[in-house]
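Please treat every number below as a calculation from the coordinates, not as lab data. Note that this is a predicted model, so its numbers are computed, not measured. We place every Cβ from the backbone using ideal geometry, glycine too, and count neighbours over all the protein chains shown.
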Amino acid sequence: MVMPVSEISSYIIHTQEEEIKRIALELHEGVGQNLYSLFTGLQFIEGGIENPVMKSALKDMTAVLAKTIQEVRLLSVELHPPALSAFGLFAATKSYIKLYTNTFGIEVELITIGKERLVSEKENIVLFRVFQEALANIAKHADTSCATVTFRWEETFLAIEIADEGVGFDSNEENSRNNLGLAVMKERMHLAGGTFTIQSQREQGTYIKLTLPLR
Amino acid sequence: MRNLRNFQPAADACAKLRIEIGSDFAGLAIQNENTPDVSWHQAAGNRNDKYKKINVRFGKGIAGRVISTGRPMSVVHFPNDILGKALDYPIMLAENLQSAYAVPLVFNQVQRGVLLVGNRQEHIFTEEAKEAVARTAAELQELIDRFYRGEADGEA
C-alpha cells in the first residue's frame, strides 16, 4: 500500500507535536512537581536550623531550586503552551504575544473580528506554530518596533493576518534560509488544508495571511 | 534590583565608554529584584527603545549567560558562532548588532548585572577595548552600589 507523501508528512508533523506535548507535560507535571516538593521540604528544614552558616547555605540552595523550577516551567510552556489545549488558539496567541513583547521589545496589536469558533486541536497547533514562526521572523529580520495580528472569524473559515511595517524584503530575491522557513510555513498550512500567502517589498513591511476552513 | 533608568551617572558611563572604544552600542542590564530575569536599564547609541521592554531569562542570551556564569562573553559574527538560537539574543536582534563583548557586574559578591558593548558589523574587540570595558564595569559597580545605599544622586 502506497500512501501519499502529504499524508506521511502530516503524520510525521502530528507525531512530533504529540511528542513535544508529552515532554512539556512531563516537565510540568512530573519533574516540576517533584522539584517543588523538594523546594517546600528545604524551606521546612531551613526553618528548623539555627546554625547561621548552615541556614545561609540552605537559603542559597532554595534560591537555586526556585530558579530551576521557573526554568522548567518556562521550558514546558515554550515547548507546548498549556493555554492552547485548555483555552484555545486565541487565548494562546494572546498569552504568547505578551511573552513576545517582553522578550523582544516589539509591541503587537491583537485584533479579533467576528465570533470565535471551534478549531480542532490538530489545526490549532498548526496555526499556532506558523503564527509563532511569523513573529520570530519579525524579531529576526523586520527591524521594527511594532506589528499587528488580526483574527477574522468568518462563517466558513478563519483568517489570521500578521503585518509589520519593517524593512521587508524582495520576495523574488534568493535567500535560501528565509525561503526555506517560508516554504515550511506554507507546507504546514497546506497539509492542514489551509493557505499561506505573503507579500513583501523592501522598506514596505511584510504581510502574511493564513487561512483555514472551519468545519 | 531597583530601576536605574533615571540614574544619570550610569547613563553617562555607558555613553563615555561607547565613545572611548568607538563602539556602536553600550548597554547596562541588571537582574530584576523579585525574579531571576534580567532587564536593560541603560543604553547609549541605541536605534530604538526596544531595550526598555526586553526581559531576558536567567541563563539565556548574552546578558543572562554572563550573569549565570559570571564570566565575560564575546560574539564576533552574530548570528553565526553562537550558543543556542539567534532568538535567544534579543538585544542583538533589537539593536541589529553583529558583534558584542559583555562583562558581569558584581554586587555583594554576587553577579547581578552586565555591561555590554556592541557593533553593527563583524568585529573583534581588542584587549585595550576589553580593558576599557572592565574599567567602566568597576566604576559602574561602585556607582550603583552607592546609589542603592542612598549615597548617590538619582531616582530609585
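What do the square roots of 5 times the Cα gyration tensor eigenvalues come to for chain A, in whole Å, largest first, as semi-axes of the equivalent ellipsoid? If you can, show how the numbers build up before the last one.
Numbers: eigenvalues 315, 96, 56 Å².
Semi-axes from the Cα gyration tensor: 40, 22, 17 Å.
Inter-chain neighbour count for B:19-29: the average number of beta-carbon atoms from partner chains within 10 Å of each residue's beta-carbon is 0.
For the range B:95-155, a simple Cβ point-charge model (Lys and Arg +1, Asp and Glu -1, everything else neutral) yields a dipole of about 180 debye relative to the Cα centre.
For residue A:146 and residue B:128, a Förster radius of 30 Å and the Cβ-Cβ distance give a FRET efficiency of 0.15, rounded to the nearest 0.05. For the segment B:47-56, counting C-beta atoms of other chains within 10 Å of every residue's C-beta and taking the mean gives 4.
So how do A:64, A:2 line up by other beta-carbon neighbours within 10 Å, fewest first?
A:2, A:64
Here the range A:112-183 is assigned +1 on the Cβ of each Lys and Arg and -1 on the Cβ of each Asp and Glu. Its dipole about the Cα centre then comes out at about 300 debye. What is the percent of Cα-Cα separations in the protein assembly as shown that go past 31 Å? For the protein assembly as shown, the share of Cα pairs beyond 31 Å comes to 45 percent. Of B:73, A:189, A:54, the sequence from fewest to most neighbouring Cβ atoms within 10 angstrom is A:54, B:73, A:189. The alpha carbon centroids of the range A:138-215 and the range A:66-94 are separated by 24 Å.
Using a cut-off of 15 Å between beta-carbons, work out the net charge of the residues near residue A:61 (Lys and Arg +1, Asp and Glu -1, residue A:61 not included). Net of charged neighbours comes to +1.
Can you give the calculated 222 nm mean residue ellipticity of chain B, where each DSSP H run of n ≥ 4 adds -39,500 (n - 2.57) and the sum is split over every residue, rounded to the nearest 500 deg cm²/dmol? Dividing the helical sum by the residues of chain B leaves -10000 deg cm²/dmol.
Loop-resident GluC sites (Glu not before Pro) (DSSP state other than H, G, I, E or B) in the range A:1-79 with no more than 15 further Cβ atoms inside 10 Å of their Cβ: A:50. For the range A:12-53 and the range B:26-92, compute the distance between their C-alpha centroids and round to whole Å. Measuring centre to centre over Cα atoms gives 26 Å. Residue B:133 sits among other residues whose Cβ lies under 13 Å from its own Cβ, and their net charge, with Lys and Arg +1 and Asp and Glu -1, is -1. For the range A:5-79, relative contact order (Cα pairs under 8 Å, six or more residues apart, normalised by length) works out to 48 percent. Using only alpha-carbon positions in the range B:8-148, the gyration tensor eigenvalues give semi-axes of 20, 18, 14 Å once each is multiplied by 5 and square-rooted (largest first). Only one residue of B:41, B:79, B:99 has its Cα farthest out toward the positive end of the dipole of chain B, where Lys and Arg carry +1 and Asp and Glu -1 on Cβ, and that residue is B:79.
Charges were assigned to the Cβ only: +1 to each Lys and Arg, -1 to each Asp and Glu. The resulting dipole of the protein assembly as shown about its Cα centre is roughly 480 debye. Under the criterion of Cα pairs below 8 Å and six or more residues apart, the relative contact order for chain A equals 17 percent. The coefficient of translational diffusion for the range A:87-211, derived via Stokes-Einstein from the alpha carbon Kirkwood radius under 10 °C and 1.306 mPa s, stands at 107 µm²/s.
Evaluated at q = 0.16, 0.17, 0.22, 0.28 Å⁻¹, the base-10 log of the normalised Debye intensity for the range A:5-79, with identical point scatterers placed on the Cα atoms, takes the values -0.66, -0.70, -0.90, -1.13. For the residues of A:103-109, the average number of beta carbons from a partner chain within 10 Å of their own beta carbon is 6. Take A:123-129, B:23-29 and order them by the average number of nearby Cβ atoms within 10 Å per residue, most first; the result is B:23-29, A:123-129.
Select from A:27, A:63, A:79 the residue farthest towards the positive end of the dipole of the range A:5-79; place +1 on Cβ of Lys and Arg, -1 on Cβ of Asp and Glu, and compute about the Cα centre. Going by the charge dipole, the pick is A:63.
Helix A:89-104 and the longest principal axis of the Cα set of chain A meet at an angle near 70°.
Sparse packing (at most 13 other Cβ atoms within 10 Å of the Cβ) combined with a DSSP loop state is found for the following trypsin sites (Lys or Arg not before Pro) in the range B:78-146: B:85. Note on B:14, A:146: ascending count of other Cβ atoms within 10 Å places them as A:146, B:14, the fewest first.
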